[in-house]
Amino acid sequence: KPRPKPSETGPQRVAGVDHIIAVASGKGGVGKSTVSANLAVALAAEGRRVGLLDADVYGPSQPRMLGVSGRPASPDGKTILPLRNHGVTMMSMGLMTNDDQAVVWRGPMLMGALQQMMNQVQWGALDVLIVDLPPGTGDVQLTLTQKFALDGAVIVSTPQDVALLDARKGIDMFRQMKTPILGMIENMSTHICSNCGHEEHVFGHGGVAAEAAKLGVPLLAEIPLDLSIRLASDGGAPIVASQPDSAQAGAFRQVARAL
Ligand code: ADP
């Protein structure tokens with residue numbers, strides 16, 4: 001896909017990184033980090049060199065989901081060495097704070113931290129860097145879209161109206177910032193009871209498809225609400241890594257192929 005043109009004054013590129021894709025959501029808890037982790041592992045499985053920046057400063061979950069821990073090293077005191085697991089090069093704001101420490105950062109600090117993560121982490125040569133954003137439309141989103149040449153954003157939402165309402169605001173922000181919307185993902189789309197096989201639409205079904213059609217953006221996938229997805233993430237090996245041939249993993253792999 002064509003790259004955005006580098007420019008002196010406009011959005012910057014990150015050295016060695018070909019494409020930057022943001023994963024965003026209007027609300028927290030809709031599965032944005034789950035999608036980011038699985039998408040990253042799926043892209044790596046396709047043979048791409050993949051980085052994942054966990055920029056969700058308020059609830060960093062990538063260290064847990066990708067099964068990495070410990071503070072990243074900085075041998076020269078200037079650059080930071082990322083961590084690596086499941087074929088993904090990863091850095092998280094969460095690795096710079098203590099586990100139970102609440103992050104109370106003001107806007108300018110957040111912007112500085114994000115720029116540092118993008119530019120001072122030794123990402124190496126990457127085909128794609130996935131940025132797992134905090135929910136909503138705050139300082140981190142603004143800094144990323146203003147300062148960096150993004151290829152696009154993937155919007156994750158659950159199907160119910162309250163989540164969609166906020167997802168719409170997020171899409172509107174990206175459009176204002178001229179960031180292409182690569183598509184929407186409906187997460188927790190449907191639930192199949194592991195005991196009886198009954199299918200239930202816990203948060204409704206098809207809400208994201210309808211919204212995507214209305215906004216004229218692709219629907220990239222509908223991911224079921226599934227215990228194995230949650231267990232895999234909690235265990236530090238996303239479902240695409242731990243059960244690559246499962247139907248659940250297939251949904252994420254389909255997104256990776258579409259991007
Ligand atoms: P967000 O990044 O939007 O805050 P997370 O990805 O952290 O959301 O997901 C919140 C919780 O829901 C996590 O415990 C995660 O494992 C779980 N979860 C997310 N998507 C699914 C799914 N499709 N099926 C089951 N559990 C899920």
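All of the numbers you see were taken from the coordinates with simple rules; none came from a lab. This is a predicted model, so every value here is computed, not measured. Here Cβ is always computed from backbone atoms with ideal geometry, including for glycine, and neighbour counts include all displayed protein chains.
For the pair residue 176 and residue 12, how long in nm is the line joining their label points, each one 7 Å along Cα→Cβ?
Each label point lies 7 Å from its Cα, and together they span 2.4 nm.
For region 34-51, take each phi angle, set θ = phi - 60°, evaluate the Karplus expression 6.51 cos²θ - 1.76 cosθ + 1.60, and give the result in whole Hz per residue in order, putting x for glycine and proline.
Coupling constants for region 34-51: 4, 5, 4, 5, 5, 5, 4, 5, 5, 5, 5, 5, 7, x, 8, 8, 10, x Hz.
Residue 227 versus residue 76, label points 7 Å from Cα toward the beta carbon: distance in nm?
Inter-label distance under the simple model: 5.0 nm.
If one computes the Cα centroid of region 27-65 and of region 162-195, what distance in Å separates the two points?
Each part's Cα centre sits 16 Å from the other's.
Give the relative contact order (percent, whole number) for region 109-174; include only Cα pairs under 8 Å separated by 6+ residues. If you can, show how the numbers build up before the last one.
Working: 29 pairs, mean separation 20.6, N = 66.
In percent, rounded to a whole number, it is 31.
Need one word for region 6-95: rounded, prolate or oblate. Basis is the Cα gyration tensor (sqrt eigenvalues a ≥ b ≥ c); a/c below 1.5 gives rounded, then a/b vs b/c decides. Provide the component values of the computation, followed by the final result.
Values: a/c = 1.32, a/b = 1.12, b/c = 1.18.
Rounded, because the longest to shortest axis ratio a/c is under 1.5.
What percentages make up the Cα-Cα pair-distance distribution of region 17-258 when the bins are 10 Å wide from 0?
Taking every Cα pair in region 17-258, the percentages come to 8, 34, 38, 17, 3, 0.
Treat each spin label as a single point 7 Å out from the Cα along the C-beta direction, and report the residue 169 to residue 119 distance in nm.
Output for this residue pair reads 3.0 nm.
When the chain is fully extended, how far beyond the present Cα-Cα distance does residue 201 get from residue 257, taking 0.36 nm per residue of separation? Write out the running numbers ahead of the final one.
Numbers: separation 56, 0.36 × 56 = 20.16 nm, distance 2.66 nm.
Gain on stretching residue 201 to residue 257: 17.5 nm.
Need one word for region 178-259: rounded, prolate or oblate. Basis is the Cα gyration tensor (sqrt eigenvalues a ≥ b ≥ c); a/c below 1.5 gives rounded, then a/b vs b/c decides. Walk me through the intermediate numbers first.
On the way: a/c = 2.49, a/b = 1.33, b/c = 1.88.
Judged from the Cα gyration tensor, region 178-259 comes out oblate (a/c at least 1.5, b/c at or above a/b).
To make sure I understand, if each residue's beta carbon is the centre and we count other beta carbons within 10 Å, what order do 105, 123 fall in, fewest to most?
Lowest count first: 105, 123.
Any chance you could give the angle, 0 to 90 degrees and rounded to 10, that helix 161-176 forms with the longest Cα principal axis of the chain?
40
Give me the extension gain from residue 243 to residue 147: residue separation times 0.36 nm, minus the current Cα-Cα distance, reported in nm with one decimal.
On the way: separation 96, 0.36 × 96 = 34.56 nm, distance 3.72 nm.
Taking 0.36 nm per residue and subtracting the Cα distance, the gain is 30.8 nm.
Calculate one ³J(HN,Hα) per residue across region 57-66 by plugging θ = phi - 60° into the Karplus curve 6.51 cos²θ - 1.76 cosθ + 1.60, and present them in order as whole Hz with x for glycine and proline.
4, 7, x, x, 10, 5, x, 5, 5, 9
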